[in-house]
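See below for the structure under consideration.
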Amino acid sequence: IQLPHPSAASCTPCVTMAQGSGQEDREKTTALKDLLSRIDLDELMKKDEPPFSFPKTLEEFEYAFNEDGQLRHTETGEPFVFNAREDLHRWNQKRYEALGEIITLYVYELLEKTCNMTKAILPVDASPDEPTSFIYLTPDALLNPSKLLVLIQGSGVERAGQWARRLIINQDLDSGTQIPFITRAIQDGYGVVVLNPNENYQEVEKPSRSPPPTPPGDPPDEPAEKRERKDDKESKKKREFYEKYRNPQKEMETDRIPVRENASSEEHVVHVWDHFVSKAEAKNVFIMAHSYGGLSFVELMNQRETDVKNRVRAVAFADSAHNIWHQDTSKGTQDWMQQHCCNWVSSSEPLDAPLDSMLPDCPRVSAGTERHELTPWMSFNSIFRFFNEVLELKEDDKAEGPFSAVTTRSGSLKPNHQNL
């Protein structure tokens with residue numbers, strides 16, 4: 001039996017349908033490739049990510065500091081929980097950062113109300129329309145004739161009055177803030193200056209970008225109305241396809257405008273020295289520097305060596321990040337640091353245990369902890385004993401050469417660092 005041969009007319013709808021289906025598949029593939037070129041696969045998992053809208057106060061967060069300075073939930077009494085929502089790490093991180101900003105303001109309030117400190121705006125000759133930073137000073141910081149303590153924190157998100165935000169949130173205020181150092185210093189008769197080396201810029205939103213102008217050229221072949229309808233149709237298809245993979249939330253794009261003469265921690269320390277510390281009346285200036293703050297102090301020595309040597313009696317480092325070779329310090333600075341500085345570093349050894357140093361800069365002793373962020377708090381009492389011994393040696397005129405008291409394994413202080 002001979003089957004009738006299908007006519008070309010009867011095949012035309014099938015071919016057209018196949019072509020249409022293939023064209024639609026190609027459009028979807030192109031759209032998916034376009035999507036994946038703009039976001040990575042991890043971003044595709046953010047389909048259900050909540051908006052980045054967070055409380056503005058501790059009360060709205062439903063957290064508060066208890067009488068021990070610990071952050072606790074006001075209803076459950078539980079510590080802060082980072083993973084508030086499972087599988088939404090970016091959202092949890094943004095929530096944590098929002099809480100951190102509230103903590104920063106809370107610490108500023110403690111500095112002003114608990115420690116009776118006031119702000120000084122930087123740069124000192126700032127105009128009304130330029131970015132500014134600030135430091136905190138006790139009322140007698142520049143007038144105290146005897147002693148001045150300068151606190152320099154490390155790098156990161158921490159602002160004035162903080163050693164480590166992580167400790168403030170997860171442990172307590174004593175370990176994470178500079179409040180205990182300030183309170184003790186005031187009780188011991190020091191004036192205090194609290195630096196703010198990470199407040200280096202003002203963040204402003206970037207202006208929206210206008211689409212580039214159409215380059216001049218020959219007019220298109222097809223009519224404008226037909227081309228617009230075609231573009232609208234293609235855009236609608238892409239939008240419908242993208243809806244299956246919700247685009248991740250776009251964060252606000254910003255520009256950073258640096259604070260004049262305070263655009264880095266190093267610049268900030270030099271600026272505060274020139275305009276505040278060097279003009280203070282105190283005969284004895286003491287420095288406490290953590291992490292990158294130690295590097296910034298050594299950079300100050302490189303730039304103001306003679307002035308620093310004449311004014312500073314002792315420097316307590318806590319896990320300092322300085323490096324006398326990379327920072328190209330002079331032999332005179334290295335010798336001075338050997339006699340006037342002590343570095344409490346993270347170590348598994350007991351508190352104040354002497355440690356070997358690879359560099360000939362200053363004695364190193366254990367802070368009694370292996371956690372970098374905890375070194376200031378763990379060495380708190382040892383640091384003030386160190387400062388007090390320096391003063392006693394000066395007053396009693398018992399020091400052999402420059403004042404160089406350091407802490408030994410037993411916790412006692414010796415007048416010469418060679419006892420280490």
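The values are calculated or read from the model by the stated rules, or taken from the named source; none is laboratory data. All values reported here derive from a predicted model rather than from experimental measurement. We place every Cβ from the backbone using ideal geometry, glycine too, and count neighbours over all the protein chains shown. Just so you know, the surface numbers come from the protein's heavy atoms only, side chains and all, with ligands and any DNA or RNA stripped out. Shrake-Rupley method; radii C 1.70, N 1.55, O 1.52, S 1.80 Å.
Note on the range 99-130: residues that are farther than 28 Å from TYR63 by Cα, in a loop (DSSP other than H, G, I, E, B) and open to solvent by 20 Å² or more (accessible area, probe 1.4 Å) total 7.
Return only the number of the condition from (1) in contact (Cβ under 8 Å) with a residue 40 or more places away in the chain; (2) in contact with a strand residue (DSSP E or B) (Cβ under 6 Å, 6 or more places away or on another chain); (3) among the aromatic types (Phe, Trp, Tyr); (4) not assigned by the TED database to the domain that holds THR375 that TYR63 does not satisfy. Here TYR63 meets the rest and fails (1). For ASP68, state whether it is touching a helix residue (DSSP H, G or I) at 6+ places or on another chain (Cβ under 9 Å), of a type in the set (Asp, Glu) and touching a residue at least 40 places away in the same chain (Cβ under 8 Å). Against the criterion (touching a helix residue (DSSP H, G or I) at 6+ places or on another chain (Cβ under 9 Å), of a type in the set (Asp, Glu) and touching a residue at least 40 places away in the same chain (Cβ under 8 Å)), ASP68 qualifies. Against the numbered list (1) open to solvent by 50 Å² or more (accessible area, probe 1.4 Å); (2) at pLDDT below 95; (3) closer than 20 Å to GLN202 by Cβ; (4) part of a helix (DSSP H, G or I), VAL157 comes up short only at (4). Every condition in (1) in contact (Cβ under 8 Å) with a residue 12 or more places away in the chain; (2) buried (at least 16 other Cβ atoms within 10 Å of the Cβ) is met by ASN92 except one, and the failing one is (1). In the range 339-358, the qualifying residues are those that are open to solvent by 50 Å² or more (accessible area, probe 1.4 Å) and out of contact with any strand residue (DSSP E or B) (no Cβ under 7 Å at 6 or more places or on another chain), and the one that is modelled with the highest pLDDT is SER348. If you check LEU151 against the conditions, is it in a strand (DSSP E or B), open to solvent by less than 40 Å² (accessible area, probe 1.4 Å) and at pLDDT 95 or above? Yes.
List the pairs whose first member sits in the range 282-303 and is within 14 Å of HIS340 (Cα to Cα), whose second member is in a helix (DSSP H, G or I) and of a type in the set (Lys, Arg), and whose Cβ atoms are under 6 Å apart, counting only residues at least 6 apart or on separate chains? Sorted first by the residue in the range 282-303, then by its partner, the pairs are VAL285/ARG311. Of everything listed in (1) assigned by the TED database to the domain that holds PRO55; (2) of a type in the set (Asp, Glu); (3) under 18 Å from the mean Cα position of the chain (by Cα), the single unmet condition for ASP68 is (3). Looking across the range 15-64, the residues that are modelled with pLDDT of 55 or more and among the small types (Gly, Ala, Ser) come down to GLY20, SER21, GLY22, ALA31, SER37, SER53, ALA64. Look at the range 167-189: where a residue is within 25 Å of GLU78 (Cβ to Cβ) and a partner is of a type in the set (Lys, Arg) and in a helix (DSSP H, G or I), sitting 6+ places away or on another chain with Cβ atoms under 8 Å, you get GLY176/ARG165; GLY176/ARG166. Screening the range 292-399 for helices (runs of 4 or more DSSP H) wholly inside it with 1 or more residues that are of a type outside the set (A, V, I, L, M, F, W, C), in the same structural domain as SER175 (by the TED database) and farther than 22 Å from ALA164 by Cβ returns the ranges 292-303, 305-311, 331-340, 380-396.
In this structure, does MET301 turn out to be modelled with pLDDT of 95 or more and over 21 Å from the mean Cα position of the chain (by Cα)? Yes: the conditions hold for MET301.
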